[in-house]
Amino acid sequence: MNIVITGASKGMGKAIALKFAATNNNIFICARTLTDLQDTAKEIQNAYPASKVHFKTGDLSTKEGVENFASWFSAFKAPADILINNAGTFLPGSIYNEPEGTLETMIQTNLFSAYHLTRALLPEMIMRKNGHIFNMCSIASIKAYPNGGSYSISKFAMAGFSKNLREELKPFNIKVTTVYPGAVYTDSWNNSGYPEDRFIKVEDIAELIYSASELSPSACVEELIIRPLQGDI
């Protein structure tokens, strides 16, 4: 199968790519930083030589960046069997005092990237009446919390996008799964003061997504909610 993963140079995206590569799939990944992306692609390819790993840098917060990535992918003449919209970023702050432009940045990166890339890859999925889209949301999509600000707004919007998409694509047999992770141990938490075992592991997210993708064609996991055992951070 052909697996497209955005924001895949580290963290959850990298773990997901490794998981799918372990079963000999073709992996197509993107991220903003070339060196990180090259290192990740090399690591995946060395670990799972039977898989094919392709990568391209790009800023998916812009429509032009999405179009460039979609055009690059289409040149492979390989249908997207699974699309994992994982690209995103987090800027802390409250709505009343966060820097001007924070909302625009969060919406462009966390929502528009998924919206535009999904629209670019959907025509072929619809034609085949086959495909599975995973949208990476957050516990912040369903629960407001201090310092969440525009990040939470963007993730609420991402959840709405995912719910609507699921209903629209049912006639075409295309699955849509919304993923709501709590605090996952990634670079952004390195200096949080919490011990690593207080967090969800990136491998846990990868296992959930992979398992959901392996169900029979007649079954769809609509939502995945996972939190740290001891509660939200």
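The values are calculated or read from the model by the stated rules, or taken from the named source; none is laboratory data. Values in this document were obtained by computation on a predicted structure and should not be read as measured data. Cβ: placed from backbone, ideal geometry, glycine included. Neighbour counts: every protein chain shown. Ligands, DNA and RNA are stripped out before the accessible areas are found, and what is left, the full protein with its side chains, is counted by its heavy atoms. Shrake-Rupley method; radii C 1.70, N 1.55, O 1.52, S 1.80 Å.
I'm trying to understand the selection: among the residues of the range 81-132, which are in a loop (DSSP other than H, G, I, E, B) and surrounded by 14 or more Cβ atoms within 10 Å (Cβ to Cβ)?
Answer for the range 81-132, where residues must be in a loop (DSSP other than H, G, I, E, B) and surrounded by 14 or more Cβ atoms within 10 Å (Cβ to Cβ): Asp81, Asn86, Ala87, Gly88, Thr89, Phe90, Leu91, Gly93, Glu98, Asn130, Gly131.
Does Glu223 satisfy being under 21 Å from Ala70 (Cβ atoms), surrounded by 13 or more Cβ atoms within 10 Å (Cβ to Cβ) and acidic (Asp, Glu)?
No; evaluated as a whole, the condition is false for this residue.
If I go through the range 139-196 residue by residue, how many of them are open to solvent by less than 20 Å² (accessible area, probe 1.4 Å) and either assigned to a strand (DSSP E or B) or not polar (S, T, N, Q) (or both)?
20
Which residue pairs have Cβ atoms closer than 6 Å, lie 6 or more positions apart in sequence or on different chains, and pair a first residue in the range 3-14 that is within 12 Å of Ala80 (Cβ to Cβ) and in contact (Cβ under 8 Å) with a residue 24 or more places away in the chain with a second residue that is outside any loop (DSSP other than H, G, I, E, B) and among the small types (Gly, Ala, Ser)?
Qualifying pairs under 6 Å: Ile5/Gly13; Ile5/Ala17.
Which one of these does Phe73 not meet: (1) open to solvent by 50 Å² or more (accessible area, probe 1.4 Å); (2) closer than 25 Å to Leu34 by Cβ; (3) of a type in the set (Phe, Trp, Tyr)?
(1)
Of all residues in the range 8-55, which are open to solvent by 60 Å² or more (accessible area, probe 1.4 Å), farther than 21 Å from Trp189 by Cα and basic (Lys, Arg)?
If the condition is that a residue be open to solvent by 60 Å² or more (accessible area, probe 1.4 Å), farther than 21 Å from Trp189 by Cα and basic (Lys, Arg), then Lys42, Lys52 are the ones that fit.
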